[in-house]
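Undergrad: Sharing a structure below in structure tokens format, with a few things to ask.
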Amino acid sequence: MASPPAAGRRVSAMGDFEAVIGLEVHAEMLTQSKIFCGCSAAFGAPPNHHTCPVCLGMPGVLPALNRRVVEFAIRAGLATHCTIAPTSRWARKNYFYPDLAKGYQISQYELPICLGGWIDLVVEGAAKRVRLTRIHMEEDTGKNIHDAHGSESLVDFNRSGVPLLEIVSEPDMSTPAEAGAYLRALRAIVVYLGICDGNMEEGSFRCDANVSVRKRGATKLGVKAEVKNMNSFRAVEKAIAYEIDRHVRTLEDGGTILQETRLWDADREETRSMRSKESAHDYRYFPDPDLPPVVVSEALIEEVRRGMPELPDARRARFVAALKLPEYDAEVLTSRRDLADYFEAVVAAHPNAKAASNWVMGDVLRLVKERKLDEALVITEWPVSAAHLGELIALIDAGTISGKIAKTVFEEMVAGGGAPGAIVEARGLVQVSDEGPILAAIDQVLAAHPDKVADFRAGKDKLLGFFVGQVMKATEGKANPPLVNRLLAAKLRGEG
Amino acid sequence: MTTLPGLTIAEAGAQLRRGDLSATELARAALQRIAAGRELNAFITVADEAEVLRTAEAADRRLRAGTPAGPLDGIPLAIKDVIATAGLRTTAASRILERFVPSYDATVTARLRAGGAVIVGKTNCDEFAMGSSNENSAYGAARNPWDTSRVPGGSSGGSAVAVAAGMALGSLGTDTGGSIRLPASYCGVVGMKPTYGRVSRFGVIAYASSLDQVGPFAHDVTDCALLLGAIAGHDPRDSTSADLPVPDYAAALEGGAKGLRIAIPREYFVEGMQPEVERAVRGAVRTFEGLGATTAPVSLPHTEYAVSTYYVIATAEASSNLARYDGVRYGARVDDDASLLEMYRRTRAAGFGPEVKRRIMLGTYALSSGYYDAYYLKAQKVRTLIRRDFTEVFESADVIVTPTAPTTAFRLGEKTADPLQMYLSDIFTISINLAGLPGLVLPCGFDETGQPIGLQIVGPPFGEEKVLRAARAFEAATEWHRRRPPVAA
Amino acid sequence: MTTTLDAILTYIDKLNELDTSAVEPTAQVLDRLPSWRDDVVTNGEDTDALLANAPARDGDFFRVPKIIE
């Protein structure tokens, strides 16, 4: 299967068209209970085991709002620089479908909780800002499953009432790569904030795309198609690329684009029109009379702000400013929240940030990738614990072991050998920093290689490395290398 | 033998606590009265006798031990069939819920049960509470016990009849545009709609969410206060219920009417009113003056727009509230191996009666794209004007006194041909729902044919105490509330 | 049905006699704001009891005629 064409090639194949892309993301919130009732919001229960009269829409039931949903929505708004509305309203979106228990979905329409805002990206080396239109809260629907017999459908309402955050971007993107970058950045934000687990495959992070094209430089938007059913970042990029191509070819051939909803077919790698009544739907939105407006005070916003986990951008900046890490290191370490947390735990164990960064970005990350530990949404098992790694660096900084010996100790820790201090003692790897034994070893080596000594003194400076190597060998690698260097140099120059 | 029609809750409660009467006797008497009065069609479902007696016996045990659960312990009560009762069929007087048995109690049901009340059955009403005469029930019309060729009023007709005919000592109804107050007026009992938000709506089958309220029917104001106190109060499951403490309504009752400032709105004395109704109400006003109240004429200028406003807002909310009756999770289903869409259509076509369909269509239209501003939004703005009228009047009045309806109970079938005529019966009650105010109705006279006439007393938001006090003062000075209808054959 | 609906709509048109350009719609009839629910799981419901009123079921699922996409 071909990979999506890179943005550069696509642009030239587009002739004088440009693409306009907007994304709508639905993120399931990581609350314990549902948005309007006390049922568990957890995934995976047997059908209809996480239901009650409220989320089943039984006669006479009423919604009662979960405060955590509002807190999470405010978190998302703060993280994306939105204006948090002091008052927002619930609205009913009316339509009939078996997975919609009440025959209406409680959502927000005219007055959402967050407006405006943006996400800053770096796409193929260039900075790009994607603005947000709005963020609002709503309830998820149940799930329809087509049964084996084919003549009926089965409905499970476990998901009915799970809280959703809907994040709508402005149509600021123009390439599949930008769309992919936006999605990844948004996902990182919601995962960092702890409000969503970002799992596209399981459906807790869903994306619909609105795609249109227009002549380069035109101000009026072209007819847009809505694309659904993309279950991974790659699928989103491919689907958008396909759609853009379809629009361009259609228009170049003199055809017109229909405003419609299309589904991405991952097997055939194409979008197909949905013969759907929904395109002409009148949802008859009106304010929900069962719920008072959502009033958000400055105090609540402050409370949420104080309780917010640090965001990727802020963390990166702190690593550079406070921990004095280079930009590159900071960027790699904050690319995942669990990685950043691990790194900080190492620094907490022993405050040498640069050394910690080198070890984490080098040896630790290599093993994480080898063992595919980074395929988990959150890495819970590391090759060595942060505490132990910190201890190891401490041993190096104290001069107890050399950097080279530390590598050996590290391998043993990974293999299950326990704490570095214990390993060093058990294997007798403590660095020799006593001048006595080192001088003895030096004497031994120099005595064994008189011709090389003569050569060195005659001007072959490079032989120093040979002598250092011999002294290290004689001391089983345990001699303190800088000390060896100093003493050897002195001896060879005839000073000792 | 105990005659229920002669008893009030307060009297029965006193007898129960003295041991002069048992809850079991009371329960049996209630069930007998229900059986004897079947032609009134006040009940859709009578509770299972064994279950009723078990509840009564439990009350008796508590009463004998001297530890009653409250003033309602052992008292037989009836509940309108739009209010959920766990384990007891709840139909909303519709075919679409003909076999629906909820697994949950409405909050008001649970509160009555916690107080030891004995629930004797679910009363008849207009389907989904949509109606003013109880003729829109899929289970047949209920009949006025004073004259069985007449309507009892609606939508809570059955609940009013049950109390008037002595089948229960009290009952619960719901009121969206007058559905407690109109039947109270037509059946000669006391009925009250509390302030919107005073009583929980959880478990009450929704008609118009911003207008519905649950309220009591009783023989007198004291009983009404008792029932209100038992059901009122904040419910975390109802986000529209007010988080305000519930006063002791019984304690506020005997304050008298001296110094009470009563407003009489001129728009409530219209041409075409039955003359006896106007006479009875004006007579009631003079009674109040005799008790030391002062009266003043006022204007509620937007009264003439209330019915239109109501029929846009209520039907719009109803069209959405009734969308859940789709045959998927509960209720009747008609499918005949049809497609999903056909299943929806046939189920709802067969399950809903014509008035319900009419209101769903009106409401859907009022909310639809292109019409929302002209209808729904417009009506919500007029609603603001109607509320302001009342706010202004209450700046210098304690209560407002009006007739409840332009006429006494009309005959069955008299208004069914013209829905608009039927809607106009609500003309004096509807504004009170739009403004969310408390309103109580009690008898203030009878017409030539012996039909009761009801007086409406309206208070400011959460002014139930004022309303009850005024009503009690009137009742103490008159005898209307003591009359009972002829016992059904 | 249509004639009655027409008559009702005509009656409702009365509302246009009023100038409401400077009036806010009544959003809610409440003056006070309730508190929100804590995020705790309180579900103790019995699936069988909830499915008991289902017109058609298949195990723990609700069954409906097929939805044609």
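The values are calculated or read from the model by the stated rules, or taken from the named source; none is laboratory data. If you're wondering where the values come from, they're calculated on a predicted model, not measured in any experiment. Reconstructed Cβ throughout: ideal geometry from the backbone, glycine too, with neighbour counts over all protein chains shown. All accessible areas refer to the heavy atoms of the entire protein, side chains included, with ligands and DNA or RNA removed. Shrake-Rupley method; radii C 1.70, N 1.55, O 1.52, S 1.80 Å.
Undergrad: Could you list, in sequence order, the residues of the range B:103-117 that are closer than 23 Å to B:GLY170 by Cα and outside any helix (DSSP H, G or I)? Outline the logic, then answer.
TA: If we filter the range B:103-117 for residues that are closer than 23 Å to B:GLY170 by Cα, which is where we start, we get B:104-117.
Within the range B:103-117, B:TYR104, B:ASP105, B:ALA106, B:GLY115, B:GLY116, B:ALA117 meet the criteria.
Undergrad: Name the one entry in B:LEU77, B:LEU21, B:LEU7 that is of a type outside the set (D, E, K, R), within 24 Å of B:ARG483 (Cβ to Cβ) and more than 24 Å from the chain's Cα centre (by Cα). Before you say what the answer is, go through the steps one by one.
TA: On the way: B:LEU77 fails: more than 24 Å from the chain's Cα centre (by Cα); B:LEU7 fails: more than 24 Å from the chain's Cα centre (by Cα).
Result of the check over B:LEU77, B:LEU21, B:LEU7: B:LEU21.
Undergrad: (1) under 24 Å from the mean Cα position of the chain (by Cα); (2) crowded, with 18+ Cβ neighbours inside 10 Å; (3) more than 9 Å from every other protein chain (Cβ to nearest Cβ): which one isn't true of B:GLY413, the others all being true?
TA: The single condition B:GLY413 does not satisfy is (2).
Undergrad: While we're looking at this one, here's another question. Are there helices (runs of 4 or more DSSP H) fully within the range A:325-371 with at least 3 residues that are open to solvent by 30 Å² or more (accessible area, probe 1.4 Å) and in contact (Cβ under 8 Å) with a residue 24 or more places away in the chain? List them. Walk me through it before giving the result.
TA: Numbers: elements: A:327-333, A:337-349, A:353-359, A:365-370.
Helices (runs of 4 or more DSSP H) meeting the threshold: A:337-349.
Undergrad: Now for a different question. Which one is farthest from A:PRO112 (Cα to Cα) among residues in the range A:50-84 that are among the small types (Gly, Ala, Ser) and within 12 Å of chain C (Cβ to nearest Cβ)?
TA: Quick first cut of the range A:50-84, residues among the small types (Gly, Ala, Ser) only: A:57, A:60, A:64, A:73, A:76-77, A:79.
Now restrict to residues that are within 12 Å of chain C (Cβ to nearest Cβ): A:57, A:64.
Numbers: A:GLY57: 24, A:ALA64: 18 Å.
Only one residue tops the list, namely A:GLY57.
Undergrad: May I pose another question? Do you know which of the residues in the range B:337-352 that are out of contact with any helix residue (DSSP H, G or I) (no Cβ under 7 Å at 6 or more places or on another chain) and open to solvent by less than 30 Å² (accessible area, probe 1.4 Å) is farthest from the other protein chains (Cβ to nearest Cβ)?
TA: B:THR347
Undergrad: In the range A:195-216, what residues are of a type outside the set (Gly, Ala, Ser), under 18 Å from A:LEU30 (Cα atoms), in contact (Cβ under 8 Å) with a residue 40 or more places away in the chain and open to solvent by 10 Å² or more (accessible area, probe 1.4 Å)? Working first, answer last.
TA: Looking only at the range A:195-216, we keep the residues that are of a type outside the set (Gly, Ala, Ser), and these are A:195-197, A:199-202, A:205-208, A:210-211, A:213-216.
From what's left, under 18 Å from A:LEU30 (Cα atoms): A:195-197, A:199-202, A:205-207.
Still in the list and also in contact (Cβ under 8 Å) with a residue 40 or more places away in the chain: A:195-197, A:199, A:202, A:205-207.
The answer is A:ASP197, A:ASN199, A:GLU202, A:ARG206.
Undergrad: Among (1) over 30 Å from A:ASP341 (Cβ atoms); (2) among the small types (Gly, Ala, Ser); (3) at pLDDT 85 or above, which single condition is A:SER433 missing?
TA: Unmet condition: (3).
Undergrad: Among the residues of the range B:438-448, count how many are part of a loop (DSSP other than H, G, I, E, B) and in contact with a helix residue (DSSP H, G or I) (Cβ under 6 Å, 6 or more places away or on another chain). Full working, then the answer.
TA: We begin by selecting, within the range B:438-448, every residue part of a loop (DSSP other than H, G, I, E, B); these are B:438, B:447-448.
So of that shortlist, the ones also in contact with a helix residue (DSSP H, G or I) (Cβ under 6 Å, 6 or more places away or on another chain) come out as B:438, B:447.
Total satisfying the criteria: 2.
Undergrad: Could you check, for the range A:109-127, whether at least one of its residues is assigned to a strand (DSSP E or B) and within 30 Å of B:ASP105 (Cβ to Cβ)? Please lay out each step first, then the result.
TA: Step one: filter the range A:109-127 for residues assigned to a strand (DSSP E or B), giving A:114-115, A:118-123, A:126-127.
Still in the list and also within 30 Å of B:ASP105 (Cβ to Cβ): none.
No.
Undergrad: Starting from residues that are among the aliphatic types (A, V, I, L, M) and more than 19 Å from A:VAL70 (Cβ to Cβ), keep the ones in the range A:28-56 and report whichever is surrounded by the most Cβ atoms within 10 Å (Cβ to Cβ). Before the answer, list the steps.
TA: Just the residues of the range A:28-56 that are among the aliphatic types (A, V, I, L, M), to begin with: A:29-30, A:35, A:41-42, A:45, A:54, A:56.
Of the ones still in play, those that are also more than 19 Å from A:VAL70 (Cβ to Cβ) are A:42, A:45, A:56.
Details: A:ALA42: 14, A:ALA45: 15, A:LEU56: 27.
Checked the range A:28-56; the qualifying residue surrounded by the most Cβ atoms within 10 Å (Cβ to Cβ) is A:LEU56.
Undergrad: So, one more: Could you tell me how many of the residues in the range B:326-336 are at the interface with chain A (Cβ under 8 Å from one of its Cβ atoms) and of a type outside the set (A, V, I, L, M, F, W, C)? Even if it seems obvious, please write down each step before you answer.
TA: Pass one, the range B:326-336, residues at the interface with chain A (Cβ under 8 Å from one of its Cβ atoms): B:326, B:328-330.
Pick out the ones that are also of a type outside the set (A, V, I, L, M, F, W, C) and you get B:326, B:329-330.
Residues that pass the stated criteria total 3.
Undergrad: Oh, and also: So, restricting to helices (runs of 4 or more DSSP H) that lie completely within the range B:219-325, which ones have at least 1 residues that are open to solvent by 10 Å² or more (accessible area, probe 1.4 Å), out of contact with any Phe, Trp or Tyr (no Cβ under 9 Å at 6 or more places or on another chain) and free of Cβ contacts under 8 Å to residues at least 24 places away in the same chain? Don't jump to the end; show me each part of the working.
TA: Numbers: elements: B:221-231, B:275-290, B:306-321.
Passing ranges, in order: B:275-290.
Undergrad: Of everything in the range C:47-69, what is within 11 Å of B:MET343 (Cβ to Cβ) and aliphatic (A, V, I, L, M)? Give them in sequence order.
TA: C:ALA56, C:VAL64, C:ILE67
Undergrad: Still on this model: Looking at the range B:192-202, can you tell me whether even one residue there is in contact (Cβ under 8 Å) with a residue 60 or more places away in the chain, under 8 Å from the mean Cα position of the chain (by Cα) and away from every other protein chain (no Cβ under 14 Å)?
TA: Among the residues of the range B:192-202, at least one is in contact (Cβ under 8 Å) with a residue 60 or more places away in the chain, under 8 Å from the mean Cα position of the chain (by Cα) and away from every other protein chain (no Cβ under 14 Å), which makes the answer yes.
Undergrad: Right, next: Which residue is farthest from A:ILE195 (Cα to Cα), if the candidates are limited to the range A:122-135 and must be open to solvent by 10 Å² or more (accessible area, probe 1.4 Å) and in contact with a strand residue (DSSP E or B) (Cβ under 8 Å, 6 or more places away or on another chain)?
TA: Applying the first criterion (open to solvent by 10 Å² or more (accessible area, probe 1.4 Å)) to the range A:122-135 yields A:122-129, A:131, A:133-134.
Filter once more, so that each one left must be in contact with a strand residue (DSSP E or B) (Cβ under 8 Å, 6 or more places away or on another chain): A:122, A:127-129, A:131, A:133-134.
Details: A:VAL122: 23, A:ALA127: 26, A:LYS128: 25, A:ARG129: 23, A:ARG131: 21, A:THR133: 20, A:ARG134: 17 Å.
Step by step, filter the range A:122-135, then rank; the result is A:ALA127.
Undergrad: Then there's this: List, please: which pairs have Cβ atoms under 9 Å, are six or more places apart or on different chains, and start with a residue in the range B:441-470 that is within 14 Å of chain C (Cβ to nearest Cβ) and end with one that is part of a loop (DSSP other than H, G, I, E, B) and among the aromatic types (Phe, Trp, Tyr)?
TA: B:PRO460/B:PHE394; B:PRO461/B:TYR196; B:PRO461/B:PHE394; B:GLY463/B:PHE394
Undergrad: Moving on to the next point. Which condition from (1) at pLDDT 95 or above; (2) within 14 Å of chain B (Cβ to nearest Cβ) is the one that A:GLU152 breaks?
TA: (1)
Undergrad: Okay, next question. Of all residues being under 30 Å from A:ALA45 (Cβ atoms) and modelled with pLDDT of 90 or more in the range C:11-46, which is least open to solvent (accessible area, probe 1.4 Å)? Just the residue, please.
TA: Going through the range C:11-46, the residues under 30 Å from A:ALA45 (Cβ atoms) turn out to be C:34-46.
Restricting the remaining residues to those that are modelled with pLDDT of 90 or more gives C:36-42.
Numbers: C:TRP36: 63, C:ARG37: 49, C:ASP38: 92, C:ASP39: 27, C:VAL40: 80, C:VAL41: 72, C:THR42: 100 Å².
Selected residue: C:ASP39.
Undergrad: I'm trying to understand the selection: among the residues of the range B:353-373, which are over 17 Å from C:ALA7 (Cβ atoms) and open to solvent by less than 10 Å² (accessible area, probe 1.4 Å)?
TA: Answer for the range B:353-373, where residues must be over 17 Å from C:ALA7 (Cβ atoms) and open to solvent by less than 10 Å² (accessible area, probe 1.4 Å): B:VAL356, B:LEU367.
Undergrad: Now for a separate question. Residues to consider are B:LEU16, B:LEU40, B:LEU26, B:LEU7; find the one that is crowded, with 20+ Cβ neighbours inside 10 Å and modelled with pLDDT under 95.
TA: Values: B:LEU16 fails: modelled with pLDDT under 95; B:LEU40 fails: modelled with pLDDT under 95; B:LEU26 fails: modelled with pLDDT under 95.
Among B:LEU16, B:LEU40, B:LEU26, B:LEU7, only B:LEU7 is crowded, with 20+ Cβ neighbours inside 10 Å and modelled with pLDDT under 95.
Undergrad: From the set of residues in the range A:136-168 that are among the aliphatic types (A, V, I, L, M) and either free of Cβ contacts under 8 Å to residues at least 60 places away in the same chain or not in a strand (DSSP E or B) (or both), which is most open to solvent (accessible area, probe 1.4 Å)?
TA: First, the residues of the range A:136-168 that are among the aliphatic types (A, V, I, L, M): A:137, A:145, A:148, A:154-155, A:162, A:164-165, A:167-168.
From what is left, the residues that are either free of Cβ contacts under 8 Å to residues at least 60 places away in the same chain or not in a strand (DSSP E or B) (or both) are A:145, A:148, A:155, A:162.
Numbers: A:ILE145: 68, A:ALA148: 104, A:VAL155: 0, A:VAL162: 5 Å².
Checking each candidate, the answer is A:ALA148.
Undergrad: Condition test on A:THR271, is it among the hydroxyl-bearing types (Ser, Thr, Tyr) and in a strand (DSSP E or B)?
TA: Values: among the hydroxyl-bearing types (Ser, Thr, Tyr): yes; in a strand (DSSP E or B): yes.
When the stated conditions are applied, A:THR271 passes them.
Undergrad: Let me ask you something else. When only residues in the range B:91-130 that are surrounded by fewer than 24 Cβ atoms within 10 Å (Cβ to Cβ), out of contact with any Leu (no Cβ under 9 Å at 6 or more places or on another chain) and hydrophobic (A, V, I, L, M, F, W, C) count, which is farthest from B:HIS234 (Cα to Cα)?
TA: So the residue we want is B:PHE100.
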